Amino acid sequence: MGRQELYAEVLEDVPGALWTCKGIDDARVKVAPGDMERVVVAIDPAVSSSETSDETGIIVAGSALCNCRGTTEIHGFVLDDRSGKLSPNGWAQAAVQAYEECVADMVVAESNNGGNLVEVNLRTVDVNVPYRAVHAAKGKRTRAEPVAALYEQGKVHHVGLHAQLEDQLTTWDPLSSTQSPDRLDALVWALSDLLLGPRERCLPTVAVRVFG
């Protein structure tokens, strides 16, 4: 509402989009719970770093007990969006910094484009950062729909405003959009890991440094 009244931005829902402005706003909270169960940093890496490249999506999200719907259950909380047009070393540094500052449990990253190079980039910044690679075996819409359903159920809360992420969520039409929704992809990886994946899949890969 502030963006519309103060900056004359017209924010309308896009037909076909999986998220709505109202759905995000209705579940928005000002502060995150103090006792997070888990926190992850999710990366959707760009394949290049030129001025015309896609952004690298970097989203921080956590899970915690919440009783906003009248019963205590695990909900997701979107904590930060550190996405941008970054070099491989730039997004690795940004992800590790987010991991440290947000006291995260692990870094999750899509490995389709970069393969093992994603982990190598992270290890050059912090050799011991807990990391788990995820592979996109399904299309973007198929991956995004279960997470969008969690929003519809009121089980995901944005902590504060994440304007660029929310613009992408509410304008991306999986049937007609041509741009790569990198922030959206990273969000889907984060919330899938926190709320949809079995616990066994959450075991990180940790590099071991040998001294001697």
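The values are calculated or read from the model by the stated rules, or taken from the named source; none is laboratory data. Just so we're clear, the structure is a prediction, and the values are computed from it rather than from any experiment. No Cβ is skipped: glycine too gets one built from the backbone with ideal geometry, and neighbour counts run over all protein chains shown.
Brief remarks on what is shown
- Among (1) in a strand (DSSP E or B); (2) closer than 12 Å to A186 by Cβ, the one test that G76 misses: (2)
- Pairs where the first residue, in the range 53-80, is of a type in the set (K, R) and the second is crowded, with 20+ Cβ neighbours inside 10 Å, C-beta under 9 Å, 6+ apart: R69/H75; R69/K155
- Taken over the range 75-94, residues that are under 13 Å from V39 (Cα atoms) and either among the hydrophobic types (A, V, I, L, M, F, W, C) or touching a Cys at 6+ places or on another chain (Cβ under 8 Å) (or both) amount to 5.
- Criterion violated by R3 - all others in (1) surrounded by fewer than 17 Cβ atoms within 10 Å (Cβ to Cβ); (2) of a type outside the set (S, T, N, Q); (3) at pLDDT 95 or above; (4) not in a loop (DSSP other than H, G, I, E, B) satisfied: (3)
- Annotation: of all residues in the range 66-87 being more than 16 Å from the chain's Cα centre (by Cα) and of a type in the set (G, A, S), the one that is surrounded by the most Cβ atoms within 10 Å (Cβ to Cβ) is S87.
- Here V147, V107 are screened, and the one residue that is modelled with pLDDT of 95 or more, closer than 19 Å to A27 by Cβ and buried (at least 18 other Cβ atoms within 10 Å of the Cβ) is V147.
- Residue among R82, R143, R123 that is of a type in the set (D, E, K, R) and closer than 21 Å to L196 by Cα: R143
- The number of residues in the range 30-88 that are among the hydrophobic types (A, V, I, L, M, F, W, C) and within 16 Å of N121 (Cα to Cα) comes to 7.
- Selection within the range 26-36: residues that are surrounded by fewer than 13 Cβ atoms within 10 Å (Cβ to Cβ) and at pLDDT 95 or above. The member of this set that is farthest from V108 (Cα to Cα) is D26.
- Listed by position, the helices (runs of 4 or more DSSP H) inside the range 88-202 whose residues that are under 12 Å from the mean Cα position of the chain (by Cα) and touching a residue at least 24 places away in the same chain (Cβ under 8 Å) number at least 1 are 88-101, 140-152, 163-171, 182-191.
- Each residue in the range 125-142 was checked for being within 19 Å of A94 (Cα to Cα) and among the small types (G, A, S), and 1 pass.
- Scoring G70 on the criteria (1) out of contact with any Leu (no Cβ under 7 Å at 6 or more places or on another chain); (2) under 28 Å from L175 (Cα atoms) leaves a single failure, condition (2).
- Selection of first residues in the range 19-30 that are under 20 Å from P146 (Cβ atoms) and of second residues that are among the aliphatic types (A, V, I, L, M) and part of a helix (DSSP H, G or I), restricted to Cβ pairs under 6 Å at least 6 apart or on distinct chains, gives the following pairs, ordered by first then second residue: W19/A148; W19/L169.
- Matching option when the condition is at pLDDT 95 or above and either crowded, with 22+ Cβ neighbours inside 10 Å or farther than 28 Å from S53 by Cβ (or both), among V210, V129: V129
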